[in-house]
Amino acid sequence: MSGRGRGRGAYFRAKYGGGGSRGRGGFRDDGYAASQSDQPSGPPTGATRDWKQLTDDLKSIDGQQYGAYKRLYGKYEHTGPSFTLSVDHVQGDAFASPSRVRAIMPWPQTGFPNDFLQSDIRRIALCDFVTRICASVIRSKHMDQGPNAGGGGGGWSGPKGGAFNINAPGQEVLPRTSAMISSGGETIELRFTTSLPAAGRTVLGQQAWQILAVNLVELVQQSLLHSNVDQAKLRRHVVSVENQSSLRAQLAPANLIAFVANGAILPRASGASAAPMDPKTAIRFQSPPDLEVSLQLADGSSVTGMGVRRGITLMTGGGFHGKSTLLEAIQLGIYNHIPGDGRELIATDPTAVKIRAEDGRAVSSVDISPFIRNLPGGRNTKNFTTDDASGSTSMAANIQEALEAGCKTLLIDEDSSATNLLVRDARMQALIRNEPITPLVAKARALYAQYTVSTIIVIGGLGDWLSVADQVISMEGYSPHAITADAKAVVEQYPSAIPEDKEYGSLPMRSMQVSLSGLRSPFAMRKTFISLKPQARNPVDDPSEAEAGIDLSGIDQLVEVGQSRTVATLLERVAGKTAANASPLDALLQTLSGSLNVDQCLPTTLAHGDLVGVRRQELAAALSRMRGISITA
Ligand code: ADP
Ligand code: MG
């Protein structure tokens, strides 16, 4: 390798300079160790340097051993526009999880209107917007792909890294650490990851310069300067998000648990896409006249649509008529959406939890006795623990855990439920005498009467539910109709044989102790799974090489992988806080409220840019699914 360092800049400029290449490089962007996050990474930061020094530093380390990148730690001041590049983490080698840098700009330099600082929700909306600009520039200019993308010779001595990224948002506007405004409103910052480029084990200074001194500056200019952004679009984004929040806040005073605006587009482009269905094909939502309500938005306008009242609401109709699509839109009505999503003016009780059957999940010390008693072998259902729950026991546990985490609205779809937990008809009651299950249909009314917990349930085939419903909505060709009166007439004619329970039973109140001892930090790898790596004390004969894990795939209201990362990060904090003694789930979640950010748990004190806000309900759900958690019920 020696002797190749000199002149490398010119060589690589010729070979790789200019725009990026297509295709996916070898860049590993899933590496994420929450454990690194709490400590400020790397050596103490150097003094603040001027911008020219960045070029000099990169020149001086070009061709050196990879570790020479550590010289970049610290801050560089850019002028015109003025911002600070802060190099917070420098990866140890080209294959390690990527380096982290921030661009911090004084607020007055941005030119953004000061009213965007006025409330948390406006700040969140603005930060979400600038993150989206960055993500789209990065994509369109292929900055997210290293020079080696396209597969050409990624061998030992070929160039590695070079990819540059920001945590890209989906359809929801959420608090995120990719862009943040300081609490006093003095600065706004962008947080990027980059895998610093190398050839073999040596620094590619020229390419690093392209990333940090060219690409990054361009991103800052395009996204943080008000004069460069689409100002009307930004204003629409902020106003829309604020309207959505205000709409959600009006539900409770209006005695509603959900609202779906007329004109909303509910269906998605495909089962694999969260983007809206083409408005030319989709049938827009139109409320039945009986259920229509008008609500006032933050910008002074008003919106009309279907109000779902507290109590028990049935959504029924023929197969393929849009029932599940409506429920899915409602379950994501806990979040604000980007303008153009089609679901902007669908708002749901912010505590609502989608409940489903999740057989195979781990359950720890949950009181499922309202639904299930007398299991075979005399198992205690007041304190039910299993490594492998059945459909009905998992669903009972999901309901009880949701209530424990403060849920006031259950959202249920027959399609993803255990039928025997929803209902048991007269014939089955006659045939099976020692059935341990009391179905939800017998409990739903008591649940509302005793604990004011509402239920919205999608039912196509289980008519017993008609007799407990306060409102019945039928979907016909994607249009809702209010058919409560018809349903009541049917119930008169065919009364249900299921006896109603007057008492719901008790809500669970667990105390938990989260111990991560024996495990390495949670590693959030995917949206649907947090893996917990066992600490290999004796790697040779350690039988537990298999990863423990928390399966999040049953939690339908998680929408971004950044939310799973937040869960993993918070888990570690909880683990630290409760090492000595167990605390009730509620207190445990309270412990984290120091990092609560507008109803969303989000640790904002870390330098990571890829965390996304998550509700306490999802955090609790993840905790509850952790295998081997210690719980005193
Ligand atoms: P159900 O639960 O009643 O069986 P789904 O909600 O699964 O029906 O919807 C069936 C199909 O109809 C889905 O492919 C969905 O994308 C489509 N769909 C749902 N709502 C609409 C709508 N408003 N306009 C057009 N297509 C829709
Ligand atoms: Mg369905």
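Any read-out appearing in this document is the output of simple, stated calculations on the displayed coordinates, not a laboratory observation. Remember, it's a predicted structure, so these values are computed and weren't measured experimentally. Here the Cβ is made from the backbone with ideal geometry for all residues, glycine too, and neighbour counts use every protein chain on show.
To the nearest 0.05, how large is the calculated FRET efficiency for residue 233 and residue 627 if R₀ is 56 Å and r is the Cβ-Cβ distance? Intermediate results must be reported in sequence, preceding the final value.
Numbers: r = 46 Å, r/R0 = 0.81.
The pair residue 233/residue 627 has a calculated efficiency of 0.75.
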message: Greater than 19 Å separation of Cα atoms is the criterion. Which listed pairs, 443/502; 354/527; 323/354; 233/280; 354/408; 52/75, meet it?
response: 233/280
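Over all directions, how big on average is the projection of the convex hull of the alpha-carbon atoms in the range 252-318, in square nanometres? Write down the numbers at each step before the final one.
Working: hull surface 25.6 nm².
Result: a mean projected hull area of 6.4 nm².
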- prompt: Looking at the range 142-261 from every direction and averaging, what is the projected area of its Cα convex hull in nm²?
  reply: 11.7 nm²
- request: Give the cross-link partners of residue 141 among the lysines, using a straight C-alpha distance below 19 Å as the criterion and excluding same-chain residues fewer than 8 apart.
  value: 15, 160
field: the range 243-306: relative contact order in percent, alpha carbon pairs under 8 Å with at least 6 residues between
entry: 36 percent
- prompt: What are the ³J(HN,Hα) values, in whole Hz, obtained from phi via the Karplus relation 6.51 cos²θ - 1.76 cosθ + 1.60 with θ = phi - 60°, for each residue of the range 287-303 in sequence order, with x given for Gly and Pro?
  reply: 5, x, x, 4, 9, 6, 9, 10, 10, 8, 9, 4, 7, x, 7, 10, 9
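List the GluC sites (Glu not before Pro) within the range 182-251 that fall in a DSSP loop (any state other than H, G, I, E or B) and whose Cβ has at most 15 other Cβ atoms within 10 Å. Could you put the intermediate results ahead of the total?
Values: sites: 186, 189, 218, 242; in loops: 186.
Sparse-neighbourhood loop GluC sites (Glu not before Pro): 186.
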field: Rounded FRET efficiency, nearest 0.05, which uses the C-beta distance separating residue 435 from residue 503 and R0 of 25 Å
entry: 0.85
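Applying a 10 Å radius around every beta-carbon, put 340-350, 416-426 in order of their mean neighbour count, most first. Spell out each step's value before the answer.
On the way: 340-350: 23.6, 416-426: 19.5.
Top of the packing list down: 340-350, 416-426.
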- request: Quick one: give the max-minus-min coordinate of the C-alpha atoms of the range 464-511 along each principal axis, largest first, in Å.
  value: 47, 27, 13
- prompt: What are the aspartates and glutamates whose alpha-carbon lies under 12 Å from the alpha-carbon of residue 488, with same-chain residues fewer than 8 places away excluded?
  reply: 464, 470
query: Using the alpha-carbon centroid of each, what span in Å lies between the range 265-282 and the range 104-122?
result: 34 Å
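Show me 489-497, 101-109, 399-407 ranked by packing, highest mean number of other Cβ atoms within 10 Å first. Before the final figure, lay out the partial values.
Numbers: 489-497: 12.7, 101-109: 18.6, 399-407: 22.2.
The most tightly packed comes first, giving 399-407, 101-109, 489-497.
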field: the range 420-461 pair-distance distribution - Cα-Cα, 5 Å bins, rounded %
entry: 6, 19, 26, 21, 15, 11, 2
query: How do the peptides 618-624, 321-327 rank, highest first, by the average count of neighbouring beta carbon atoms within 10 Å per residue?
result: 618-624, 321-327
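Please report Rg over Rh for the range 361-403, where both radii come from the alpha carbon positions and Rh follows the Kirkwood definition.
0.90
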